[in-house]
Protein chains: 2
Amino acid sequence: MSQRPPLTRERIIETALHLIDGQGLGRLTMRRLGDSLEVEAMAIYHHLPHGKEQLLEQLIAYVAAHPVPPGNGAPRDRLRDWAHGYRDRLLEHVGVMPLIVTRRNPGALLATTQSLEDLLRTAGRTEAQAAVGAHTLLGYLLGTVALEARERAAETTPDDLDWEGRFRAGLDGVLTGIA
Amino acid sequence: MSQRPPLTRERIIETALHLIDGQGLGRLTMRRLGDSLEVEAMAIYHHLPHGKEQLLEQLIAYVAAHPVPPGNGAPRDRLRDWAHGYRDRLLEHVGVMPLIVTRRNPGALLATTQSLEDLLRTAGRTEAQAAVGAHTLLGYLLGTVALEARERAAETTPDDLDWEGRFRAGLDGVLTGIA
DNA sequence: ACCTGAACACCGTTCAAGT
DNA sequence: ACCTGAACACCGTTCAAGT
């Protein structure tokens with residue numbers, strides 16, 4: 001008999017993410033997650049006492065936390081690099097997008113937002129300008145990635161569309177407006 | 001006995017929307033919707049044969065369809081007016097946002113997207129520029145409204161924040177980038 | 001401490017039956 | 001044509017019990 005690895009919170013999150021990436025958010029159930037972990041569904045509650053709610057919060061935190069890394073390049077270049085990296089990460093885990101965009105989870109996006117505001121302030125913006133800029137950039141990013149995911153899934157648009165080019169072009173417009 | 005109005009598709013949609021606005025998307029169930037309509041849940045299937053899936057599609061179509069109205073002002077002003085109107089509409093039915101942002105529903109946003117592209121082409125942009133511009137603007141709008149709804153619900157930020165001002169400021173940045 | 005089994009209150013949906 | 005009642009296969013979760 002193959003010994004299965006011990007059940008840990010980390011393994012639960014990773015397995016859940018794997019399940020979502022493979023089958024979609026709608027098919028993530030406690031019972032199915034239990035099956036994937038080779039355990040009864042109820043065992044999960046021992047590691048996540050607040051059940052599915054807590055599981056989803058953990059998934060959001062895992063995928064959405066993506067602050068701007070430290071660096072000393074031009075602000076505009078740093079923001080552009082960060083944005084492309086974040087887009088890649090979100091597209092890797094498209095199934096979690098609905099949670100990130102709509103669930104209230106103050107913590108998850110807070111670190112990201114604040115790192116954006118810090119960068120903008122360092123670049124000479126006022127507090128208020130930095131707040132608006134961070135909100136604008138993050139809103140553009142989440143919104144366009146959500147649209148891209150939607151349209152890719154619908155497959156009503158030609159598949160050879162240069163999504164990254166479109167993203168970069170729109171991003172340049174946004175960056176011009178804020179940074 | 002109060003005669004109840006006949007069950008129609010329209011009345012189902014409106015009641016569902018009322019239920020979502022009041023109690024949230026999570027509490028929209030066929031059984032509860034039936035209760036609100038003073039009818040057994042199964043009666044709904046007679047008007048919406050594809051069940052809940054079809055109901056959600058109808059809700060998206062109802063709320064998300066919001067093309068730019070005809071007019072002959074400056075393109076930038078028309079886009080700004082449209083954006084503020086759309087934001088108001090989405091905030092009125094915040095509970096439907098998760099569906100609009102994440103469900104694949106080609107039709108619902110198509111009319112809106114095309115009206116944006118038309119306006120931008122009329123304003124002298126190339127086909128490609130118009131496509132990117134429409135995508136950027138719609139992405140910004142959906143993303144920031146989703147963020148706003150999230151943060152308002154979380155109530156972790158002070159409530160006197162000038163959300164509309166922030167939206168307008170970010171919008172100006174985006175419009176500068178595309179129009 | 002960690003996991004299981006049975007049970008409870010919910011879902012969406014099908015299908016035969018009523019009017 | 002329009003609606004109901006009973007039933008089915010699923011949910012998330014609680015709780016006592018096992019080791």
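The values are calculated or read from the model by the stated rules, or taken from the named source; none is laboratory data. Predicted model, so just to flag it, every value in this text is computed and none were measured. No Cβ is skipped: glycine too gets one built from the backbone with ideal geometry, and neighbour counts run over all protein chains shown. The protein model used for the area step is the full one, side chains on, heavy atoms only, and it has no ligands, DNA or RNA in it. Shrake-Rupley method; radii C 1.70, N 1.55, O 1.52, S 1.80 Å.
Within segment A:98-137, whose backbone N sits under 19 Å from a point 7 Å along Cα→Cβ of A:Ala74? Within reach of a label on A:Ala74, which here means backbone N under 19 Å from a point 7 Å along Cα→Cβ, segment A:98-137 contributes A:119-125.
For segment B:64-178, averaging the sequence separation of C-alpha pairs within contact (under 8 Å, six or more residues apart) and dividing by the residue count gives a relative contact order of 29 percent. Of the peptides B:51-61, B:138-148, B:69-79, A:99-109, the order by per-residue mean of other Cβ atoms within 10 Å, starting with the highest, comes out as B:138-148, A:99-109, B:51-61, B:69-79. The charge dipole of segment B:9-49, taken about the Cα centre with unit charges on the Cβ atoms of Lys, Arg (+1) and Asp, Glu (-1), comes to about 140 debye, rounded to the nearest 20.
Counting only other chain Cβ atoms within 10 Å of each residue's Cβ, the peptide B:160-167 averages 2.
Averaging 1/r over every pair of different alpha carbons in the protein assembly as shown and inverting the result gives a Kirkwood radius of 21.9 Å. A Cβ-based charge dipole, computed about the Cα centre of segment B:64-178 with Lys and Arg at +1 and Asp and Glu at -1, lands at about 440 debye. Rg of the Cα atoms in segment B:9-49, relative to 2.2 N^0.38 Å, amounts to 1.03. Since only B:Val96, B:Ala130, B:Leu7 are under comparison, the one whose Cα sits farthest along the positive direction of the charge dipole of the protein assembly as shown, derived from C-beta charges on Lys, Arg, Asp and Glu, is B:Leu7. Shortest first, B:Leu91 label-point distances to identical copies amount to 3.3 nm, with the label point at 7 Å from Cα along Cα→Cβ. Please average, across the residues of B:127-138, the number of beta carbons from any other chain that are within 10 Å of each residue's own beta carbon, and give a whole number. Partner-chain Cβ atoms within 10 Å, mean over residues of B:127-138: 4.
Give, as a single signed number, the net charge of other residues whose beta carbon lies under 15 Å from the beta carbon of A:Leu171, with Lys and Arg counted +1 and Asp and Glu -1. The partial results should precede the final answer.
Numbers: positive: A:Arg76, A:Arg78, A:Arg80, A:Arg87, A:Arg166, A:Arg168; negative: A:Asp77, A:Asp81, A:Asp88, A:Glu148, A:Asp162, A:Glu164, A:Asp172.
Neighbour charge sum, excluding A:Leu171 itself: -1.
Note on segment B:117-179: with charges restricted to the Cβ of Lys and Arg (+1) and Asp and Glu (-1), its dipole about the Cα centre is near 280 debye.
Percent of accessible area on the protein assembly as shown owned by carbon and sulfur, 1.4 Å probe?
On the way: 8790 of 17770 Å².
Of all accessible area on the protein assembly as shown, carbon and sulfur atoms account for 49 percent.
Residues in segment B:116-140 near a label at A:Asp172, defined as backbone nitrogen under 14 Å from the 7 Å Cα→Cβ point? Those under the cut-off are B:126, B:128-130, B:132-133.
Between chains A and B, what is the buried accessible area summed over both chains (1.4 Å probe, protein heavy atoms, nearest 100 Å²)? Walk me through the intermediate numbers first.
Values: alone 10320 and 10300 Å², together 17770 Å².
Summed over both sides, the interface buries about 2800 Å².
The share of Cα pairs per 5 Å bin across segment B:64-178, counted from zero up to the longest distance, runs 2, 11, 22, 24, 19, 12, 6, 2, 1 percent.
Three principal axis extents describe the C-alpha atoms of segment A:1-131; from largest down they are 60, 26, 25 Å.
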